[in-house]
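The values are calculated or read from the model by the stated rules, or taken from the named source; none is laboratory data. Just so it is clear, the model here is predicted, and its values are computed rather than measured. Cβ sites come from the backbone with ideal geometry, for glycine too, and all protein chains shown count toward neighbours.
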C-alpha cells in the first residue's frame, strides 16, 4: 500500500519521452504517468505468463519507484530485468546469479540486498547497481552501452579491456536491452 501511494505521487506529472532514453540525460529524475505502470505490468505479463497479475503490478510499481530513486529510465530497468530473468524472482543462473536482476551474491551484498529472491530487495539492488555502472562511465559518449556491458560482465572487465569487449553475447545483450526498452 505504501509503495502504491509513493508511486501515485511519482506518476502525476509528465509523459515519458521515448527519445530521452538514449540521450545523455536519460538517467535524470522525472515523473511518470499512471499509464506507464500499466504498460510495464503488461510487458511483465508477456514475459512471465505464470506470474499472478497482482505480483506483476507490484513489480511494475517497484521498478518505477526504484528507477526514480536511482535516476534511471524505468523502461530501461524493466528491459534489463526482462533480459536477465524474464521476471522470475526465483531465477538462478548457472554462474550463481540470483533473482530478478540476476545479482551475483557479492554484488547483492555490495548493494545491500540480504535476500536476492525478495522482489523488492532485488529490484532496489538492481537499480542501485545499474546506477553505479552509469556513474562509472559518466562523461563517456557511449555511457549507456558501457553501463550495460559493465552490468553484464563487471565494470573491471570492461575497464581492463578498455571498452566493450567484442564478445557476441555482450553485444547481443546491449542490443536486446535497448530494443526491449523501446518497446515498453
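Only one of the listed residues (88, 61) is part of a loop (DSSP other than H, G, I, E, B) and at pLDDT 95 or above. That residue is 88.
Selection of region 112-140 for residues being over 14 Å from the mean Cα position of the chain (by Cα) and either surrounded by 20 or more Cβ atoms within 10 Å (Cβ to Cβ) or closer than 23 Å to residue 157 by Cα (or both) yields 112, 113, 116, 135, 136, 137, 138, 139, 140. Has region 31-48 got any residue that is within 20 Å of residue 155 (Cα to Cα) and either in contact (Cβ under 8 Å) with a residue 12 or more places away in the chain or surrounded by 18 or more Cβ atoms within 10 Å (Cβ to Cβ) (or both)? Checking region 31-48: not a single residue is within 20 Å of residue 155 (Cα to Cα) and either in contact (Cβ under 8 Å) with a residue 12 or more places away in the chain or surrounded by 18 or more Cβ atoms within 10 Å (Cβ to Cβ) (or both). Of the residues that make up region 22-35, is at least one out of contact with any helix residue (DSSP H, G or I) (no Cβ under 9 Å at 6 or more places or on another chain), farther than 15 Å from residue 126 by Cβ, at pLDDT 95 or above and assigned to a loop (DSSP other than H, G, I, E, B)? Within region 22-35, not a single residue is out of contact with any helix residue (DSSP H, G or I) (no Cβ under 9 Å at 6 or more places or on another chain), farther than 15 Å from residue 126 by Cβ, at pLDDT 95 or above and assigned to a loop (DSSP other than H, G, I, E, B).
Do we find a residue being within 16 Å of the chain's Cα centre (by Cα), surrounded by 15 or more Cβ atoms within 10 Å (Cβ to Cβ) and part of a loop (DSSP other than H, G, I, E, B) anywhere in region 162-184? Taking every residue of region 162-184 in turn, at least one turns out to be within 16 Å of the chain's Cα centre (by Cα), surrounded by 15 or more Cβ atoms within 10 Å (Cβ to Cβ) and part of a loop (DSSP other than H, G, I, E, B). Scanning region 141-160 for residues that are surrounded by 14 or more Cβ atoms within 10 Å (Cβ to Cβ), without any contact (Cβ under 8 Å) to a residue 24 or more places away in the chain and part of a helix (DSSP H, G or I) returns 146, 147, 150, 152, 153, 155, 157, 158.
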